[in-house]
Amino acid sequence: MPPLSKSLAELAARVAELEAEREMTLRLAQTDSLTGLVNRGAFTSGLCERLEAARESGGVVALFVIDLDRFKSLNDSLGHHAGDILLAEIGQRLRDDAGPDELVARLGGDEFAVVSGDPDIARRAERLVNAISQHHVIYGRTVASGGSVGVAAFPRDASDAADLQRYADMALYRAKSCGGRRWHGFDAELHAESERRRTLETELRRAIPAGEIEPWFQPIVDTMTGRFVGVEVLARWRHPEKGLLSPAAFVPMAEELGLIRTIDEAVFEAACAHAAPWVGEGLIELVSCNVSPRDLLDPGFSRKLIGRLAGTDLPATALTVEITETFLLQDMNLARRHIERLAARGVNVALDDFGTGYSNLRALMHLPIQTVKLDRSLIDDVGRDPRVSKLVASMLHAARSLGVRITAEGVEDESQALFLRSAGCDRMQGYFFARPMPADQMEAMLREAAAPPAPRFAAAG
Ligand code: C2E
Ligand code: CA
Ligand code: CA
């Protein structure tokens, strides 16, 4: 048996080893493996600690958030590995540039943050802009990096970590949107905007359970017969004081707050309750609903939608789900799973706003997408500008050859409608036929149109 002192020494060594291992694991868990900087989780606790200390000492805590320009296009053109090299180099520059008490973190993707006690915020921001604006040689190619910086400071702008992050993000967004200036502080204008948003947020959270978000409907017309074939469901917020609000006033905010799914579900259910009988009576064949790219990032989205659809009287084959290219680009595999699952149940999938983004013909070839909605921006000059007309005609031709049906959006006058008919567009939608309207008006219009002879648009001769 070994003497007791030896066993104790071994035990102590083992404990020290375990402690070192634990420390290493802890450090790794707090480190971003690509850049060696602090990761998002450790950044948040580091920020809170510094705020705590500044509260006691009366110091300043400035939070700088940084977002690189054109990072995605670098990734796409030179590959992910080149992107990783650039991120690592930027991380190194930020670390070299930082003072000993500053916290430098990678928050994810091409987003970084620096927490600083430097009271000269403008000077520190300029230095950050310089640090990220550099030339790099990657795979023998010279790549210029650059980016924008947003900053908010304690105690001047915010008193806690959550507000500080929110305000710095708002300032960053402002810096990005006003091209010339590369950094932006949280100023009085942004403060007023944040107050407006805060009010809107409280009101929106209340509006959903209160049933203030309601479905409106805009008819979709069959180009050849001129008859209504379906409706698109468009959300409206009946605000108690501000009156009727269109989606632009609340959808982006709802997406940001993670409320869009609840809104889309509520609108879907209310829309089905109104429109299922219209389909049942043969007044229309399809009901087209918008879903946010945010809904679609939920892997359970299609399964849940199919479940909810089963609880309504709307047949699956009468439902179209409108998705945008933004989502296809975000996660092609998830997109495929959702679209295939929906298509297997007979639900139609339409690609919305086609012509505004990459106009991904590959997606049309490889995914069971049955409908494309040509964006209003393309339709605007159709029939007037020969080049636009030619482009739209060739898009219609390409889609037709893939067996995809086309709906033109934003048709506002007869010349556009006539051109689209001659170019073989299947369906049309727009103010020329009708504006979006509440359910009771939509129903009255559908009934009137169904009573013969009342085509909305002269049938093809
Ligand atoms: P969208 O899906 O592209 O919908 C078509 C928009 O164009 C609607 O705007 C419609 O009112 C408008 N519009 C239709 N015909 C014409 C026309 O001839 N001329 C012009 N100038 N505009 C026309 P709205 O209702 O303001 O909706 C805006 C966007 O908000 C929608 O664009 C859609 O992306 C989103 N949205 C609407 N409802 C919902 C919803 O329930 N959920 C989600 N996630 N998004 C929705
Ligand atoms: Ca749509
Ligand atoms: Ca659209």
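The values are calculated or read from the model by the stated rules, or taken from the named source; none is laboratory data. Just so it is clear, the structure is predicted and the values come from calculations on it, not from any experiment. Glycine also receives a Cβ, built like all others from the backbone with ideal geometry; neighbour counts cover every protein chain displayed. SASA here: full protein model, heavy atoms, side chains in, ligands and nucleic acids out. Shrake-Rupley method; radii C 1.70, N 1.55, O 1.52, S 1.80 Å.
Observations on the structure shown:
- Flag for D352 being away from ligand 1 (no atom under 16 Å from the Cβ) and either of a type in the set (D, E) or outside the structural domain of R427 (by TED's automatic domain parsing) (or both): no
- Any hit, the stretch 223-236, residues being more than 14 Å from ligand 2 (Cβ to nearest atom), assigned by TED's automatic domain parsing to the domain that holds E443, of a type in the set (D, E, K, R) and more than 21 Å from the chain's Cα centre (by Cα): yes
- Boolean, L244 is under 28 Å from M428 (Cα atoms) and crowded, with 20+ Cβ neighbours inside 10 Å: no
- Positions within the stretch 293-350 being among the acidic types (D, E) and within 16 Å of ligand 2 (Cβ to nearest atom), in sequence order: D295, E322, E325
- The residues of the stretch 296-311 that are away from ligand 3 (no atom under 16 Å from the Cβ), part of a helix (DSSP H, G or I) and not small (G, A, S), listed by number, are F301, R303, K304, L305, I306, R308, L309.
- Selection from the stretch 322-346 of residues that are within 21 Å of A235 (Cβ to Cβ) and modelled with pLDDT of 85 or more: E322, I323, T324, H338, L342
- Residue in the stretch 364-371 that is in contact with an Asp or Glu (Cβ under 9 Å, 6 or more places away or on another chain) and more than 14 Å from ligand 2 (Cβ to nearest atom) present: yes
- The stretch 100-112 residues that are crowded, with 18+ Cβ neighbours inside 10 Å, paired with ones that are modelled with pLDDT under 95 and among the aromatic types (F, W, Y) (beta carbon under 9 Å, 6 or more apart): D110/F71
- For the stretch 277-292, a tally of residues being out of contact with any strand residue (DSSP E or B) (no Cβ under 8 Å at 6 or more places or on another chain), more than 16 Å from ligand 2 (Cβ to nearest atom) and open to solvent by less than 40 Å² (accessible area, probe 1.4 Å) returns 0.
- Exactly one residue among T320, T326, T371 is within 16 Å of ligand 1 (Cβ to nearest atom), assigned by TED's automatic domain parsing to the domain that holds T407, among the β-branched types (V, I, T) and more than 27 Å from G282 (Cα to Cα), and that residue is T326.
- Take the conditions (1) crowded, with 18+ Cβ neighbours inside 10 Å; (2) among the aliphatic types (A, V, I, L, M); (3) within 13 Å of ligand 1 (Cβ to nearest atom); L297 misses just one of them, which is (1).
- Enumeration of residues in the stretch 113-131 that are more than 19 Å from L51 (Cα to Cα) and either exposed (fewer than 14 other Cβ atoms within 10 Å of the Cβ) or in contact with a helix residue (DSSP H, G or I) (Cβ under 6 Å, 6 or more places away or on another chain) (or both): A122, R123, N130, A131
- The stretch 56-69, residues that are open to solvent by 60 Å² or more (accessible area, probe 1.4 Å) and touching a residue at least 40 places away in the same chain (Cβ under 8 Å): none
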